[in-house]
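Peer 1: Here it is: the structure, laid out below.
A short reminder: the numbers here are calculations on the coordinates, not readings from a lab. Computed from a prediction, not measured in an experiment: that's the story for all the values here. In this analysis, Cβ positions are derived from the backbone assuming ideal geometry, glycine residues included, and neighbour counts consider all displayed protein chains.
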Amino acid sequence: MSVVARAPDPARAPLTCLKGVGPRLAEKLKTLGLETVQDLLFHLPSRYQDRTRLTPLGSLRPGQEALVAGRVELSDVVYRGRRALVCRIADGTGHLHLRFFHFNAAQQEQLARGRWVRCFGAVRFGPAGFEMAHPEYSILPADAAPQPENHLTPVYPSTAGVSQTSLRRLAQEALNRHLIHVTELLPDNVRDELRLPNLKDALELVHRPPPGADVAALMSGSAPVQQRLSFEELLAYTLSLRRVRERLRAERAPRFAGNDGLIKQLLARLPFALTRAQRRVLEEINRDLARPEPMQRLVQGDVGSGKTIVAACAALRAIEAGYQVAFMAPTELLAEQHCRNLTEWLAPLGVSVAALSARVTGRARTQTLLDIAAGQTAIAVGTHALFQEGVKFARLGLIVVDEQHRFGVQQRLRLRTKGEHSDEAPHQLIMSATPIPRTLAQSVYADLDVSVIDELPAGRQPIETVAVPATRRADVVARVHEACASGRQAYWVCPLIEESEALDLETATRTAEMLTEALPDLTVMLVHGRHKPKEKERVMAEFKRGKVNLLVATTVIEVGVDVPNASLMIIENAERLGLSQLHQLRGRVGRGSISSSCVLLYQPPLSEIARERLAVLRSTNDGFEIARRDLEMRGPGELLGTRQTGVAAFHIADIARDRGLLPRVQQAAAQLLSDYPERVEPIIRRWMARREEYGAV
Ligand code: ADP
Ligand code: MG
């Protein structure tokens with residue numbers, strides 16, 4: 001047909017050019033981010049169903065998705081709580097129940113006794129043995145052998161109102177008519193070196209794996225065609241971040257060079273000297289700040305490595321040059337702590353620090369905002385959320401963002417606009433306590449330069465870590481008593497794990513009551529997320545002053561709280577937490593020179609993965625090592641704060657699984673930028689257009 005010959009560029013052809021796509025369906029597809037034929041071709045299966053083999057009913061396992069066939073032995077409408085059509089099928093090896101809650105007379109007729117049916121569904125336990133609820137089924141003609149499919153069945157990410165059947169049909173049509181017009185954008189040498197298939201073959205195979213395709217490889221995402229697509233997706237992601245970086249680089253920033261009078265004063269007053277690693281990172285920052293383009297630097301450093309003082313020094317450089325600093329923390333509690341520290345360090349130097357807190361309201365708030373806008377305030381400290389509401393600065397020169405793993409690219413970009421009054425862009429310094437391996441950092445943070453504080457201040461004692469089953473809680477309570485009796489302080493953390501915040505709160509409250517009762521001679525206090533900030537701050541201040549022996553807390557103390565005398569940490573339900581979260585929590589102790597310990601209380605029996613996690617924590621205190629193990633064990637999702645960074649939104653790539661590709665992705669990105677600049681935009685568009693935060697920049 002001539003339509004085929006003149007088929008437009010798939011990147012521009014609207015989906016309505018496909019058969020059966022009218023305005024209604026197009027609208028629904030749009031909610032999936034699908035607008036063009038190209039979008040559909042790159043809407044890849046999130047998994048496959050294996051309908052290529054028929055599973056005998058006698059060997060079904062619960063949880064399994066299986067294709068089965070059998071003769072209907074019984075077909076009844078039952079009323080067990082809910083009206084349902086239940087059929088029993090048998091194939092000579094065993095039997096299976098099919099359960100339908102929604103059915104009509106025609107279906108009842110189709111599934112009558114004696115019929116042959118073929119079904120696909122998930123197997124589960126039912127009241128009378130294994131069953132499938134609402135399986136997909138078809139009636140087989142009498143005596144016909146049930147035909148398994150000869151290729152894997154793709155399952156696409158979908159949404160209400162768009163069935164898998166119609167997505168499959170549309171994908172087929174798009175492949176049939178438009179695949180030939182999709183352009184290859186990877187340079188030949190990259191494909192040759194990595195022996196990656198060409199794009200058309202890859203798309204064809206991934207949407208309709210042919211009979212005989214390596215089912216296991218496809219199911220795990222490691223088939224060469226998938227690697228090829230993952231490679232291109234990671235490349236697109238890297239290129240889009242590089243582009244963010246270049247856009248930022250093109251802006252003008254104030255140069256802070258030479259002025260280190262205030263820094264010298266600060267360092268002279270500190271009770272400690274900076275570590276070598278802190279000095280090195282500070283130099284890297286200073287070099288950036290002296291340049292006319294905005295710094296985009298991420299400082300990674302383990303918990304307790306002393307990132308705050310480094311940020312304070314950077315701030316002083318901006319302030320000495322007559323600029324202001326925005327200092328952002330992920331929680332109110334942390335913002336308050338930063339504010340206290342910065343005030344203690346900087347107020348004696350005549351630097352004005354203001355807290356921009358949700359708690360400051362009314363006239364006081366108006367005044368704070370006015371002072372910032374008038375340039376009276378040198379450093380404004382607050383939560384990310386507060387700054388996003390829009391604070392006007394007279395001369396914003398530097399933004400410090402603490403704990404970047406909770407903070408996405410999108411927010412990062414939005415912050416740039418805060419220095420609206422001038423045409424100068426502020427420098428940005430981002431601090432993260434969740435280190436990730438270098439090759440990963442270069443990809444995930446391709447828009448940033450990365451510095452690493454790879455040394456802890458001298459004299460820190462390693463934290464001794466033990467895992468104890470909850471059945472031995474009494475021993476742990478005794479241990480807390482002993483530690484507190486000898487003048488130390490302790491945390492007892494009841495992390496947020498329940499579905500409902502109310503339940504978590506109840507757990508923490510009950511634990512606090514239990515401990516108060518068991519330890520009558522100690523002062524026990526509770527702090528949790530529902531407390532008013534003022535209340536939280538009061539409790540924390542009491543704890544810091546040593547008035548409280550034992551602090552029971554939900555995860556509000558997860559990041560950044562700094563009380564050097566606290567040397568014992570108990571973590572409840574440790575088996576439910578991730579490695580990096582446990583490491584962060586544990587990092588609340590071991591901050592002073594006394595030796596510290598951490599007790600991981602768990603509910604036995606431990607799963608294999610939980611056992612492994614607890615073993616890693618017992619064996620090392622090194623955050624980099626822990627991050628590496630974490631990545632191996634479960635991928636970077638949680639580690640990077642997936643939702644915020646958008647990493648989870650990859651169509652096909654999986655950074656943990658595909659991390660072997662990353663060094664080559666970096667090289668390919670560099671090659672494209674220098675040798676094929678005209679391909680950069682199309683690659684980004686193809687993969688990232690539906691993720692506005694990257695695509696739109
Ligand atoms: P993090 O990197 O986890 O944010 P902080 O900045 O909170 O760590 O620092 C932890 C503690 O170590 C603070 O009490 C801080 O004052 C102290 N500290 C920072 N640098 C040094 C150093 N070079 N020597 C000794 N103590 C330091
Ligand atoms: Mg910190």
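Peer 1: Let me know the shape class of the stretch 464-620, please: from the alpha-carbon gyration tensor, a ≥ b ≥ c as square roots of the eigenvalues, rounded when a/c is under 1.5, otherwise prolate if a/b is greater than b/c, or oblate. Provide the component values of the computation, followed by the final result.
Peer 2: On the way: a/c = 1.41, a/b = 1.22, b/c = 1.16.
Rounded, because the longest to shortest axis ratio a/c is under 1.5.
Peer 1: Out of the trypsin sites (Lys or Arg not before Pro) in the stretch 510-547, which ones are loop residues according to DSSP with at most 16 other C-beta atoms within 10 Å? Provide the component values of the computation, followed by the final result.
Peer 2: Numbers: sites: R510, R530, K534, K536, R538, K544, R545, K547; in loops: R530, R545, K547.
Sites meeting the loop and neighbour criteria: R530, R545, K547.
Peer 1: Also: Could you derive backbone 3J(HN,Hα) for the stretch 676-683 from the dihedral phi with the Karplus parameters 6.51, -1.76 and 1.60 (θ = phi - 60°), listing whole Hz in sequence and x where the residue is Gly or Pro?
Peer 2: 10, x, 6, 8, 4, 4, x, 5
Peer 1: Now for a different question. Normalised by the residues of the stretch 464-620, what does the relative contact order come to in percent, with Cα pairs under 8 Å and at least six apart?
Peer 2: Relative contact order, the stretch 464-620: 32 percent.
Peer 1: Could you tell me what percent of the DSSP beta bridges with both partners in the chain are antiparallel, to the nearest 5? Could you put the intermediate results ahead of the total?
Peer 2: Working: 34 of 91 bridges.
In the chain, DSSP labels about 35 percent of beta bridges as antiparallel.
Peer 1: Something else now. Around L519, what is the net charge, scoring Lys/Arg as +1 and Asp/Glu as -1 over all other residues with Cβ under 13 Å from its Cβ? Let's see the in-between values first.
Peer 2: Numbers: positive: R473, R479; negative: E482, E513, E517, D521.
Net of charged neighbours comes to -2.
Peer 1: Let me ask another. Which trypsin sites (Lys or Arg not before Pro) in the stretch 36-83 pass both tests, a DSSP loop state and at most 13 other beta-carbon atoms within 10 Å? Walk me through the numbers on the way to the answer.
Peer 2: Numbers: sites: R47, R51, R53, R71, R80, R82, R83; in loops: R51, R53.
Here the sparse-neighbourhood loop sites are R53.
Peer 1: Which residues' amide hydrogens lie under 5 Å from the amide hydrogen of T465, considering only partners 5 or more residues apart or on another chain, with H built in the peptide plane?
Peer 2: Placed amide hydrogens put C598 under 5 Å from T465.
Peer 1: Relative contact order for the chain using alpha-carbon pairs under 8 Å, separation at least 6, rounded to a whole percent?
Peer 2: Details: 1248 pairs, mean separation 89.6, N = 697.
After rounding, I find 13 percent.
Peer 1: Oh, and also: List the aspartates and glutamates whose Cα lies under 16 Å from the Cα of K392, skipping any in the same chain that are fewer than 8 positions away.
Peer 2: D371, E420, D423, E424
Peer 1: Cα to Cα, under 19 Å, and not fewer than 8 places away if on the same chain: which aspartates and glutamates meet these conditions relative to K534?
Peer 2: Counting by Cα, and skipping residues close in sequence, K534 has these aspartates and glutamates nearby: E332, E336, E542, E558, D562.
Peer 1: Shape of the chain from its Cα gyration tensor (a ≥ b ≥ c, root eigenvalues): rounded if a/c is under 1.5, otherwise prolate when a/b > b/c, or oblate?
Peer 2: Values: a/c = 2.32, a/b = 1.42, b/c = 1.63.
Oblate.
Peer 1: Here is a follow-up. Once you keep just the Cα pairs under 8 angstrom separated by 6 or more residues, what percentage relative contact order results for the stretch 55-121?
Peer 2: On the way: 127 pairs, mean separation 25.5, N = 67.
Answer for the stretch 55-121 is 38 percent.
Peer 1: Using 0.36 nm per residue of separation minus the Cα-Cα distance, give me the extension gain between K30 and A268 in nm, one decimal.
Peer 2: Residue separation times 0.36 nm, minus the Cα-Cα distance, leaves 79.7 nm.
Peer 1: What is the distance in Å between the Cα centres of the stretch 446-504 and the stretch 163-239?
Peer 2: 46
Peer 1: List the chymotrypsin sites (Phe, Trp or Tyr not before Pro) within the stretch 268-377 that DSSP assigns to loop and that have no more than 16 neighbouring Cβ atoms inside 10 Å.
Peer 2: Details: sites: F272, Y323, F327, W345; in loops: F272, Y323.
Filter output for the stretch 268-377: F272.
Peer 1: Scan around Q428 for amide H atoms under 5 Å from its own, H built in the peptide plane at 1.01 Å from N, and keep only partners 5 or more places away or cross-chain.
Peer 2: M295, Q296, R297, I399
Peer 1: Let a ≥ b ≥ c be the square roots of the eigenvalues of the Cα gyration tensor of the stretch 53-148; is it rounded (a/c under 1.5), or, if not, prolate (a/b larger than b/c) or oblate?
Peer 2: Working: a/c = 1.73, a/b = 1.14, b/c = 1.51.
Because a/c hits 1.5 or more and a/b fails to exceed b/c, the stretch 53-148 counts as oblate.
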